[in-house]
Each structure stands twice: as structure tokens, then as C-alpha cells.
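Scroll down for the structure; my scribbles are underneath it.
Read-outs throughout are calculated quantities, based only on the coordinates presented, and are distinct from any laboratory measurement. Predicted, not measured: the structure shown is a model, and the values here were computed from it. Backbone-built Cβ (ideal geometry, glycine too); neighbour counts: all protein chains shown.
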Amino acid sequence: MKFKGKDIISIRDFTKEEIEKILDEAEKMEAALAKNTNLELLKGKILATLFFEPSTRTRLSFATAMQKLGGNVIGFDNVEATSIAKGESLIDTVRTAEKYCDLIVIRHPKEGSARLAAEISEKPVINAGDGANQHPTQTLLDLYTIRKLKGRIEGLNVALVGDLKYGRVMKSLAYALAMFKANLTLVSPLGLELPEEITKEIIEKFDAEIIQTDNIFSGIKNADVIYVCRIQKERFEDVYEAEKLQKSFKITSQMLEKTKEDVIILHALPKTVEIEPSIDKTKKAKYFEQVYYGIPVRMAIINLVCP
Ligand code: NCD
């Protein structure tokens, strides 16, 4: 297992053992955070966050994680305030950023952009979301959350609910859950199913058993974990179509009454209307606890890969 200097572009870059190692390291980070231990593991190191797309949790938790490790953060989250607005290419932006830092975190609307950045940069690159493709560090924190709250991943019934066509969070997560032998139910509106090549891949690689439905009610009935994502309207040609789909595809408190008593609901956030607001206060809703785990998990990731 070699992490130092490694790029993290896709969840496919990891073996199950490597993922378990990251989760174990994250446990240690969480314990250190709880004790308020002053970690100076990355003193003098610099993380660059290059965000070409909006973000709240991913960027803030990466920055918090780096600072908790004793390192510093540079970067941008508004391309209009950078030379990209003058026409500079992604390639030249990465060539520049890598001269200033030890590690790059990038989010970009184009699929494959993080891989391209990793090819250009001598410094490790972490993909914080490339278009509708991948979001591997979100998946690591999702697995951490599930393991923490449910004690295991294997054998759990997990319902992935929402836009599985454009949701990068769901694509990374479906792969990892199949790797960990969870039972997957894919619940999406018609036309927003998980792309067939991914379903095929995880069945072939992991012998995964998958149920697919467009009916939320039946899809979540037997779930131990309900993982929801919003319709990714920014990736639609017709935003009106996305909003229409979202209005008819949501989890209501009435639906929840018929689910398992100890089911947990997770969401990468941001959420719009896909979860009825009254659900936030129930003990089933764990998404704001999940948010917190972004810090120890990203601390573990940064600490493992930072040269
Ligand atoms: C997600 C993303 O950007 O892919 N958010 C996140 O990173 N926590 C989910 C989304 O935007 O729907």
C-alpha cells in the first residue's frame, strides 16, 4: 500500500484494503480531533484548492482538514477572479498552482479534468468532483459514516435515491458499496438511471446484486441506509425539465413511516426539495452528522498522500 504522492481521481484507484486503511486512519483523526490534540503533521505544507464549480462542504472541509493538520491553504473558488477569466487554460492554471503547493484539490465541470490535471502536475491531485463523473473523497466519507453508524457495510441494504445519471457522488458510491458487498437498490426517475456501463461493471467485478426501480416507496422500504441526491439541474440542457422531475421525486415523512425503525438517511448535500424539511429533525436523518466526518476523513486522505 503506497499512498505518498498518489493521485486520487476515481474510487476505482483503490483496493478494498486501501479504503479500509483510509477509514482506519480517519478514526484516529476523529479521536485526535475529539481530544483537541494539536496535530502538526503537515506543518509548512501547502494545499491548493482549485474550484471551478460551486462548493460549500467539499472545499471548506478540505481547508479545515489541512489546517487541523498544521498546514496552510491557498486557492480560488471564483474563476472570474482568476486569470481563467482572461482565457488561461486549465493546463496552464495547474502548471502554475503546482509550483506554489504540495498537493492540489480540484473541482471542475468537465469529466476527465482531474485526470488531466494529474497528468500535468508533479504534485498529487485529488479529484473533488469532475462533472458528472466521480467524487471519490465524498464516497470515502460516506463509507466512513455508514461504518460508523451501522457498524458494517457488508450485507446492508442501501437504497441510492435520485439522479443516478448525472450524480457523481452516486457513481463513486455505487462502485464502492458493491466492492464492500452491500445490497444495492437503485431508485431514480425514468431516464436518470445509473449508466448501464457502471451497473454492468459492478456486477461483473463484484458479483453485485442490484434492484432497480423508479418507485421510491418500494425502493426504500427494506433499506438500512437511504442515500439521497438532488436532481443535478446544472447538467441538464433544459433546467425546467430538471425542476419538474425534482418536484415529483422526493421523500416524504409519510413514506418514512413505512421504513425500518433504524434506517439512516444520508445525503452529500446540498439538498433542495428531495427530502421533506420536517424529516431533518427526525432521528433517521444523519446528513449533518455525515457532514462532520468530512473533516477526519479528508485529514486522513491529505496526510496519507501529501509528499
Ligand atoms: C455533491 C457534488 O458536488 O457532487 N456535493 C458535495 O460534494 N457534497 C452533490 C451535489 O452537488 O448534488
With the structure loaded, tell me whether A208 is within 16 Å of the ligand (Cβ to nearest atom) and either in contact (Cβ under 8 Å) with a residue 24 or more places away in the chain or out of contact with any Cys (no Cβ under 7 Å at 6 or more places or on another chain) (or both) or whether it fails that test. no
Looking at the structure I just gave you, is Y292 touching a strand residue (DSSP E or B) at 6+ places or on another chain (Cβ under 8 Å), within 16 Å of the ligand (Cβ to nearest atom) and without any contact (Cβ under 8 Å) to a residue 40 or more places away in the chain? no
Give me the pairs: first residue in segment 221-239 and under 23 Å from L156 (Cα atoms), second residue buried (at least 16 other Cβ atoms within 10 Å of the Cβ) and among the polar types (S, T, N, Q), beta-carbon distance under 7 Å, and six or more apart or on different chains, which are they? K221/T259; N222/N157; A223/N157; A223/T185; A223/T259; D224/N157; R230/Q246
Check A128 against each of (1) in a helix (DSSP H, G or I); (2) touching a residue at least 60 places away in the same chain (Cβ under 8 Å); (3) within 13 Å of the ligand (Cβ to nearest atom) and name the one condition it does not meet. (1)
I'd like the residue in segment 114-143 that is hydroxyl-bearing (S, T, Y) and buried (at least 23 other Cβ atoms within 10 Å of the Cβ) and, out of all such residues, is farthest from R59 (Cα to Cα). T139
Condition first: among the aliphatic types (A, V, I, L, M), over 14 Å from A132 (Cβ atoms) and surrounded by fewer than 20 Cβ atoms within 10 Å (Cβ to Cβ). Now tell me which residues in segment 173-201 satisfy that. L190
Out of the residues in segment 151-172 that are of a type in the set (G, A, S) and farther than 14 Å from L141 by Cα, which is surrounded by the most Cβ atoms within 10 Å (Cβ to Cβ)? G162
